[in-house]
There are 4 protein chains.
Amino acid sequence: MKYIKKELLKRQIKHIDIKKFDSKSLIDSFEDMAFQSRNLARACEIYDKMLQDKDCTIMLCLAGSLVSAGLKKIIIDLIENNMVDVIVSTGAIVVDQDFFEGLGFNHYRGFVQADDNQLRELMIDRIYDTFIDEKDLRKCDMTAKRIADSMKPGIYSSREFINEMGKYLNKNGKNPESFVLAAYKKEFPIFCPAFSDSSAGFGLVFHQVQKKDSSIAIDSVKDFRELTKLKVKSKETGIIMIGGGVPKNFVQDTVVAADILGVDTPMHKYAIQLTVADEREGALSGSTLKEANSWGKVDSGLEQMVFGEATITFPLLASHAYHKGSWKDRKTKELNQVFPN
Amino acid sequence: MKYIKKELLKRQIKHIDIKKFDSKSLIDSFEDMAFQSRNLARACEIYDKMLQDKDCTIMLCLAGSLVSAGLKKIIIDLIENNMVDVIVSTGAIVVDQDFFEGLGFNHYRGFVQADDNQLRELMIDRIYDTFIDEKDLRKCDMTAKRIADSMKPGIYSSREFINEMGKYLNKNGKNPESFVLAAYKKEFPIFCPAFSDSSAGFGLVFHQVQKKDSSIAIDSVKDFRELTKLKVKSKETGIIMIGGGVPKNFVQDTVVAADILGVDTPMHKYAIQLTVADEREGALSGSTLKEANSWGKVDSGLEQMVFGEATITFPLLASHAYHKGSWKDRKTKELNQVFPN
Amino acid sequence: MKYIKKELLKRQIKHIDIKKFDSKSLIDSFEDMAFQSRNLARACEIYDKMLQDKDCTIMLCLAGSLVSAGLKKIIIDLIENNMVDVIVSTGAIVVDQDFFEGLGFNHYRGFVQADDNQLRELMIDRIYDTFIDEKDLRKCDMTAKRIADSMKPGIYSSREFINEMGKYLNKNGKNPESFVLAAYKKEFPIFCPAFSDSSAGFGLVFHQVQKKDSSIAIDSVKDFRELTKLKVKSKETGIIMIGGGVPKNFVQDTVVAADILGVDTPMHKYAIQLTVADEREGALSGSTLKEANSWGKVDSGLEQMVFGEATITFPLLASHAYHKGSWKDRKTKELNQVFPN
Amino acid sequence: MKYIKKELLKRQIKHIDIKKFDSKSLIDSFEDMAFQSRNLARACEIYDKMLQDKDCTIMLCLAGSLVSAGLKKIIIDLIENNMVDVIVSTGAIVVDQDFFEGLGFNHYRGFVQADDNQLRELMIDRIYDTFIDEKDLRKCDMTAKRIADSMKPGIYSSREFINEMGKYLNKNGKNPESFVLAAYKKEFPIFCPAFSDSSAGFGLVFHQVQKKDSSIAIDSVKDFRELTKLKVKSKETGIIMIGGGVPKNFVQDTVVAADILGVDTPMHKYAIQLTVADEREGALSGSTLKEANSWGKVDSGLEQMVFGEATITFPLLASHAYHKGSWKDRKTKELNQVFPN
């Protein structure tokens, strides 16, 4: 069967709205059950504790194809309602997916058993069961380049660059539903420790090749320095990890970084992770939060891992926290202001 | 820390009630997302199609510790509201868990990091994060023995024995919330193809050792014969598999069994499976439903696997079907009446 | 592309020979490493301890498509060299795969991305990346029927029926490489607690439908009774589990069954499991052997789970044990003789 | 039980030596089997094809705790025998594990069920079943700082910094078994796209805080630029991925980066991945190499994923390639020389 590009890119991914359904009664039932349902209920309980703790800065770690999968609006709601204070993410989520949609492009419902050869010929990229127009992605890459071109040459953290992306969307965006934009408006910091591993990476390489000595650089050490500063400024911290990867490690490491700088900082007091990674392979993504305790990174007692895929578990967690309403007493932290311009 | 039995067996597992929350709007959102959320939405859609199909007999396959985990009431609701017509299960779910609770015993919230040596000394059995009083289980074993003792010596299918268990509960049960009881009252057939791999197995071994030649036998061939008869009597069939194991294989095989008996029977028209098993290991539990198509067991087109743990996915699936209401036009099939006494 | 049956069924699966490679130095290195390599090394060490323990009866549990995947010769070698004393298996491995090959039929190298619709039309069955001629399987079913027809009406354990299958192969087999045959010759017991969930099930259903009152029955309670008898007769026991499922549960339960019969029997002293099942789902296949300790089934100290797929891990384990040679001092136990004819 | 630090850090992890065992006959058997054994055999075959292809630059991607698990010597052998030409890795493997051991520190055999609170008090870090002395790690952090202090202020790629680390080991190392050192000696490039997510990150943050404007920066865009240059310079490329994460994505992206720079570069012709990540979660680590084909990153035909944990599969793969010997005709590429000093 021959594919027709227009037919394949027809049905857009739509983003779930946690305000429109209330998972509270479901989570309440989960509490008295077993296995992952109970684990999820406990994660909800811990998240609520974070929201109630006035001293707690909440860090959201994002890994996996979350925005292309329809979870963007959740992240926006968490930012806008002061339900999280910082984001640490993979580059793909921030640039290829959220910023990309902010530019007016879309993700489409595809199918797993696709003929990838044909897709390639049509310039359709596949993420499991989701399709993307490669041409749109190229425009996204080039927008990142143009943003870099417009910046003063120098060394930036990914946070600073992402803030520029937000500024760009604020002026030129085609779709107001973007968490990069929402963050920009609220002085909310977003970090991508492996930033060039994204659509922006393509644009930035092109930028550097063209501009040579008058180009910008993205210094991941600066990221680490800035994030550690936020950790140090916070009385207590809690982390919500969707998936594992670099964001999980990076955020946990800030405790140690602070210590090395001679600042006495408590471990992350609260920690929850939604993941399908397996502890038994010995890799970090699936490593238990108890193990992180041995490293002095995560306190024991208020930590919980939930084994399940995030498109199902994250909406349930976020809806519970939203409708429970403990965020209503939280203030916007505007943490970008911690850093000098 | 020394464990105290009473302290450990304090907080009972409670069963989730799909009538008390409505997952419809959540599932509707999942439909336009990706990965497992979309797969779950499609599974819900296929289940609803089964319920709408007047010609369809719906077979529910159960594996994993589902009742001890708080999913019992769902199964009861599915039976009482004619949302399924037959159950094929592991023995543990039927005897050690459901019948056990029907006798008035309970499962308790435990914890994963327990000291299993101490538990053993206290005669507390652990299922991941759930505790059971071994003494209660022994009483359950012995009840199975007494039921066997009271039956006419001969060869029985597991279905016949389970029906006797339902009859027993009807008279002597201490907790009316039991799907074995609900099935008994509705002439609803339940099969356990590996029946002696359960608490009943202990009782039946004791029964045979005592009664010798005047004992009963549980013939799994008779199970297969009876289940095939149900398959043959049904114009169309749909299967809902929670977990994999023997129930999955057994139900699928009825198509081939019918064929061998010379009866032309269609493949299972609808098939959904909620599982965490992995296709890549080559075992049956994780084998795809498309693979089952090569065997002529499951039709292609209306089949869907959902990768996720059942304590989260099964309530969402069942609540959707319940509140959608397509079951309201279905009749009780009373399939036990297909078999002569 | 149109499939041609002959082309698809061309390249036979061949069975790995543990005598032809020596994994000892590899396993020795694994011992000082981490994660699953070290776990596998420890499992090898425990298996060797079982082989050295004169009082230990070794039970091998088999689940998953092991013989179709090329692991048959290992099982034969384990039987012939007195490296195991009893087998508890799923029906598919014993009948559809081993007995099937003993009749002269074969499994073939296939591919995962096959068009299952076309396969069905050609009567080719697929197991992940392996193909089988459905016509051959039907002949296997009918052979099981003929064996049943030839037996005296009555109630049998699966072990007794499998012994008849071995006797049949001894006379009429076309391929001497069969562990059912090897077991028959050595009075070695094989149990399938869910026996009718196999190719034999089809034959037996047909047999019962034809023969009616003069047919045989397969009583899984008798299986349990016999296996418990073996447990009771053994001073110590060790279990090697490839995969999980019913065999894992069944063998572990014999300790409890003995207890219920009033016989004081020790827990299984040694236990190793090679599996990819996940503890976190709460199902039995992935449940830890420490959890089994809480049930009083498996002793703590000499148990080890290895997370890995059996086509890679089982050959390494078995080759290590073979070349280490501790089996050389073991005797054939001929455990079938424990049961009266 | 109270832990004693010295007792816990007693038994060192030792690195497996692929030269000391020959997996060829095992892999040959795997070829005619099924499931993951056959997949591994095919991966070996593809790797051998890469080694025979004179035009092919081989890129090794590393993620997961590979060196702490005993796989270091394999990586050294691959470098020294020209079996790979570039490495892209997570920071932990390069700095916290390999460089760390080069400084004379060790990893130790620990155990999974450890009391993490006690470990933390003793400053012992746990990776699943492995222990590390946190004090040693701190010295490693500070060594990274000293290296940074000694460098001319400016913007560096991670490759340049890692080369400095190799130079440092060459002068001051305590253990010659280090792949960072081996790479340094052979002008062999190693990239860490998320470099500050490592022990070096701690040192570099300290360095920047102290040195302020006269500090160095690690520009991940420069990494991407350099790696893309290597891709462009290579006629053909093959990638071997151990685990997933950023390295997997980064290397695959070079094809697109080249395209964006206007250079017509072929897709990666060969690709193999050893992983336990699951395709069904939709994340990149488990995404199939066929999916990467839709993105125009990996050519179809010569790609293979193997589902299995690397401590078992990587030694088998590497030993096969080593003993097969196709690397003997390959030359050292000294790819660091592609970049101006």
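The values are calculated or read from the model by the stated rules, or taken from the named source; none is laboratory data. Since this is a predicted model, take the numbers as computed values, not measurements. As a convention, Cβ positions derive from the backbone with ideal geometry for all residues, glycine included, and neighbour counts pool all protein chains shown. Ligands, DNA and RNA are stripped out before the accessible areas are found, and what is left, the full protein with its side chains, is counted by its heavy atoms. Shrake-Rupley method; radii C 1.70, N 1.55, O 1.52, S 1.80 Å.
At 1.4 Å probe radius, can you tell me the per residue accessible area of region C:55-170 in Å²?
Per residue, region C:55-170 has 26 Å² of solvent-accessible surface.
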Given H placed 1.01 Å from N in the peptide plane, which residues other than close sequence neighbours of A:GLN273 have an amide H under 5 Å from its amide H? A:MET241, A:GLN304, A:MET305, A:VAL306
Simple spin-label model, 7 Å along Cα-to-Cβ: B:LYS6 to C:TYR3 in nm? 6.5
Mind grabbing the interface size between B and A? I mean buried accessible area, both sides, 1.4 Å probe, in Å² to the nearest hundred. 3400
For D:LYS185, what accessible surface area do you get with a 1.4 Å probe? Give it in Å², rounded to 10. 130
Please identify, among B:GLY325, B:GLY203, B:GLY282, the residue showing maximal mean-square fluctuation in a Gaussian network model of chain B using a 10 angstrom Cα cutoff. B:GLY282
Dipole-positive endmost among A:TYR47, A:GLN97, A:MET83 within region A:1-130 (Cβ charges, Cα centre): A:GLN97
Would you kindly work out, in nm and rounded to one decimal, the distances from the label point of B:THR332 to those of the same position in each other copy, ordered shortest first, with label points 7 Å along Cα-to-Cβ? 5.9, 6.1, 8.4
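Under the definition of Cα pairs under 8 Å and six or more residues apart, what whole-number percent is the relative contact order of region C:158-217? Can you show the working numbers first?
Values: 38 pairs, mean separation 19.3, N = 60.
Dividing the mean separation by the residue count of region C:158-217 yields 32 percent.
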Within region C:128-146, the residues whose backbone N lies under 20 Å from a label point placed 7 Å from the Cα of C:VAL112 along the Cα-to-Cβ direction are C:128-132
GNM of chain D, Cα pairs under 10 angstrom: of D:LEU169, D:LEU26, D:LEU274, the biggest fluctuation goes to D:LEU26
Counting only residues 5 or more places away or on other chains, whose amide H sits under 5 Å from the amide H of B:PHE191 once H atoms are built in the peptide plane? B:ILE87, B:VAL88, B:SER89
Non-local amide H neighbours of A:GLY154 (under 5 Å, H modeled in plane, Pro and chain starts lacking H): which ones? A:ILE216, A:ALA217
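Hull surface divided by four, with the convex hull built on the Cα atoms of the protein assembly as shown: how many nm²? Kindly include the intermediate steps, with their values, before the conclusion.
Numbers: hull surface 179.5 nm².
About 44.9 nm², averaged over all directions.
About the Cα centre, and with charges only on the beta carbon of Lys, Arg (+1) and Asp, Glu (-1), how big is the dipole of region C:262-322? Nearest 20 debye, please.
Numbers: 4 positive and 8 negative charges, 26 e Å.
Rounded to the nearest 20 debye, it is 120 debye.
Protein chains only, probe 1.4 Å: how do B:SER68, B:SER150 rank by accessible area, largest first?
Details: B:SER68 0, B:SER150 90 Å².
Output order, biggest surface exposure first: B:SER150, B:SER68.
Which percent, to the nearest 5, of DSSP beta bridges fully inside region A:28-165 are antiparallel?
On the way: 6 of 10 bridges.
Here the antiparallel bridges make up roughly 60 percent for region A:28-165.
Hey, what number do you get for the protein assembly as shown at 222 nm if only DSSP H runs of n ≥ 4 count, each worth -39500 (n - 2.57), divided across all residues, to the nearest 500? Write out the running numbers ahead of the final one.
Numbers: 52 runs with 592 residues, N = 1364.
Rounded to the nearest 500, the figure is -13500 deg cm²/dmol.
When the convex hull of the Cα atoms of chain D is projected onto a plane and the area is averaged over all directions, what value comes out in nm²? Write out the running numbers ahead of the final one.
Numbers: hull surface 72.9 nm².
Reported value for the Cα convex hull: 18.2 nm².
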If each label sits 7 angstrom from Cα along the C-beta direction, how far apart, in nm, is B:MET151 from its counterparts in the other copies? 1.9, 7.5, 7.6
Where the Cα pairs of region C:176-320 fall when distances are cut into 5 Å bins, in %: 2, 8, 14, 17, 19, 16, 12, 6, 3, 1, 0
Output ³J(HN,Hα) for region A:176-191: one whole-Hz value per residue in order, computed from phi by the Karplus curve 6.51 cos²θ - 1.76 cosθ + 1.60 with θ = phi - 60°, and x for Gly and Pro. x, 7, 8, 6, 5, 5, 4, 5, 4, 5, 10, 6, 9, x, 10, 10
Remind me, relative contact order of chain D in percent, using alpha carbon pairs under 8 angstrom and six or more residues apart? 26
Among residues of chain C, the one whose beta-carbon sits nearest the axis that rotates C onto B, given with its distance in integer Å, is C:ALA194, 2
Which distances, shortest first and in nm, link C:GLU7 to the matching position in the other copies, using label points set 7 Å out along Cα to C-beta? 2.6, 6.7, 7.1
Calculated FRET value between B:GLU187 and B:ASP17, using beta carbons and R₀ = 22 Å, to 0.05: 0.35
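If D:GLU303, B:GLU31 are ordered by their accessible area, calculated over protein heavy atoms with a 1.4 Å probe, which sequence runs from highest to lowest? Present the calculation step by step, with values, prior to reporting the outcome.
Values: D:GLU303 15, B:GLU31 70 Å².
Listed by decreasing accessible area, they come as B:GLU31, D:GLU303.
How much FRET efficiency would the formula 1/(1 + (r/R0)^6) give for B:ASP329 and B:SER300, where r is the Cβ-Cβ distance and R0 is 30 Å, rounded to 0.05? Mind dumping the intermediate values first?
Numbers: r = 27 Å, r/R0 = 0.90.
After rounding, the FRET efficiency stands at 0.65.
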